[in-house]
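A.B. asks: Questions regarding the structure given below will be posed in turn.
We did not get these values from a lab; they are worked out from the coordinates using the rules stated. These figures come from a predicted structure and were not determined experimentally. Note that each Cβ is placed from the backbone with ideal geometry, even for glycine, and that neighbours are counted across all protein chains shown.
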Amino acid sequence: MPGDKRIDIEKLQGYNCFACGTANPIGLNLQFYRLGNAVCSDITLNKNYEGWQNMAHGGIISTLLDEVMSWAIVYFRRTFFVTRKMDMKYVRPVLIGIPLTVKGRVLDSSKGSKIEASGEIRDHEGRLFVKSTGQFVEVPRESLSSVPERLKKDMLSLFGRLG
């Protein structure tokens, strides 16, 4: 929306997540910012993320959307969760080498532990390339047995620092 102020979002340092981790040498290292009721990330994909020639791989596209919807939940809900389901519609091919904005929003979180979100990818002219919806499930911290305690503590600390 015009007039919305961009607010950069802090993320954890030193973790290996392919999409947002700072310690993954082949990862995307996405940076996020809030714009109104959405969380966004800007990226230009290069040949390393190609599927068909000159087009971004669909798995990379789904990763971008899953991650931005997830960060919308992190920012607006400040809770632990997992992705349950994603639906995507490719509107036009996502070409390699063009600046993109990936945007995620929390749609409905009134259904107990279920959280719904939406995502989209547009170019800098506003053309829609891909849109998605996702279902996420809130998970109590104690149920995340495979997640190291240090990461859980770091996430709780991050929740407390977010705008």
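A.B. asks: At a Förster distance of 35 Å, what's the computed FRET efficiency of SER157 paired with ASP87, Cβ-Cβ distance as r, to 0.05? If you can, show how the numbers build up before the last one.
C.D. replies: Details: r = 33 Å, r/R0 = 0.94.
Calculated transfer efficiency: 0.60.
A.B. asks: Just want the ordering: TYR15, TYR90, TYR75, from fewest to most Cβ atoms lying within 10 Å of their own Cβ.
C.D. replies: So the residues, fewest neighbours to most, are TYR90, TYR15, TYR75.
A.B. asks: So, one more: Counting alpha carbon pairs within less than 8 Å and at least 6 residues apart, what relative contact order, in whole percent, applies to the range 6-161?
C.D. replies: Values: 315 pairs, mean separation 32.5, N = 156.
Answer for the range 6-161 is 21 percent.
A.B. asks: Taking the range 1-94 on its own, what percent of its Cα-Cα pair distances exceed 16 Å?
C.D. replies: 61
A.B. asks: About the Cα centre of the chain, what is the dipole size in debye to 20, counting +1 per Lys and Arg Cβ and -1 per Asp and Glu Cβ, all else neutral?
C.D. replies: Taking the Cα centre of the chain as origin, the dipole is about 280 debye.
A.B. asks: Let me ask something else. Taking only C-alpha pairs under 8 Å that are 6+ residues apart, what is the relative contact order of the range 1-94 in percent?
C.D. replies: Relative contact order, the range 1-94: 19 percent.
A.B. asks: If the reach is capped at under 13 angstrom between alpha carbons, list the aspartates and glutamates near LYS152, excluding any in the same chain fewer than eight residues apart.
C.D. replies: Qualifying aspartates and glutamates at Cα under 13 Å: GLU142.
A.B. asks: Give the separation of the Cα centroids, the range 64-85 to the range 105-163, in Å.
C.D. replies: 1
A.B. asks: Please give the per residue volume of the convex hull enclosing the alpha carbon atoms of the chain, rounded to a whole number of Å³. Before the final figure, lay out each step's value.
C.D. replies: Numbers: hull volume 19.1 nm³, N = 163.
Hull volume over Cα atoms, normalised by residue count, gives 117 Å³.
A.B. asks: Students often forget the sequence filter, so: which aspartates and glutamates lie under 13 Å Cα-Cα from LYS11 once same-chain residues fewer than 8 apart are removed?
C.D. replies: Leaving aside aspartates and glutamates fewer than 8 places away in the same chain, those within reach of LYS11 are GLU67, ASP154.
A.B. asks: Hey, fewest Cβ within 10 Å first, where do GLU149, GLU50 land in order?
C.D. replies: Listing GLU149, GLU50 from fewest to most nearby Cβ atoms yields GLU149, GLU50.
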